[in-house]
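To keep things clear, I will list the structure first and then write my remarks on it.
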Amino acid sequence: MDMGSGMGTPVGRRVRDVVREVVGDVASDELPLVDGLFRFDDVTVVRRLSGRSRRREPLGFGWGEVAVLVTPVVWLTVDQTAKRVSDVIAEGTVRRTMDALRGVLRRRPAPVTVPPLTREQMWQVREQVLQAADERGLSERRAREIADAVVARLVLAEAGDPPRGPDASDDGSAPGEG
């Protein structure tokens, strides 16, 4: 699977693929939102969903509506996990070199991928999803449903379950890009 930067092969599944699959399983009415977010790179999506966007309205509607959606809970938690685990795996020098080259070459950042996780890391992901869902005002039952779906999707990703959805390409580009 090409990272889109020509600098190697990622191990694991793209965060956006995991998110789309989980949202499709637990909140299919949010798939248009997820598909709309696919036109942005991962950094932009995380910034918008976390409220760190420069704009007042991160997705074109009020924050109150975003707070009860499943998509931000799943995307932000899986993204955070992928970055944290990848930072532990990657050597700092290699990461800094790749970041510097990407800046010089002005390439779109490679999509964030979730590397294989240990059982303990899976448990931590589940706990983080539960916490994020609680912070967003989701019921305990709904939070457990989402957390279980995220962990199940990550386990399936490790088992080699192929990605589903309109953007299941291996090139890391958003739909409509080459």
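The values are calculated or read from the model by the stated rules, or taken from the named source; none is laboratory data. Quick caveat: nothing in here was measured; it's all calculated off a predicted structure. Cβ sites come from the backbone with ideal geometry, for glycine too, and all protein chains shown count toward neighbours. Only protein heavy atoms, including side chains, enter the accessible area calculation; ligands, DNA and RNA are left aside. Shrake-Rupley method; radii C 1.70, N 1.55, O 1.52, S 1.80 Å.
Among the listed residues ARG13, ARG47, ARG55, ARG39, identify the single one that is at pLDDT below 90 and under 14 Å from the mean Cα position of the chain (by Cα). Exactly one residue qualifies, and that residue is ARG13. Restricting the stretch 93-143 to residues that are charged (D, E, K, R) and modelled with pLDDT under 80 leaves a set whose member that is most open to solvent (accessible area, probe 1.4 Å) is ARG106. Looking at GLY178, GLY172, just one residue is open to solvent by less than 30 Å² (accessible area, probe 1.4 Å), at pLDDT below 85 and out of contact with any helix residue (DSSP H, G or I) (no Cβ under 8 Å at 6 or more places or on another chain), and that residue is GLY172.
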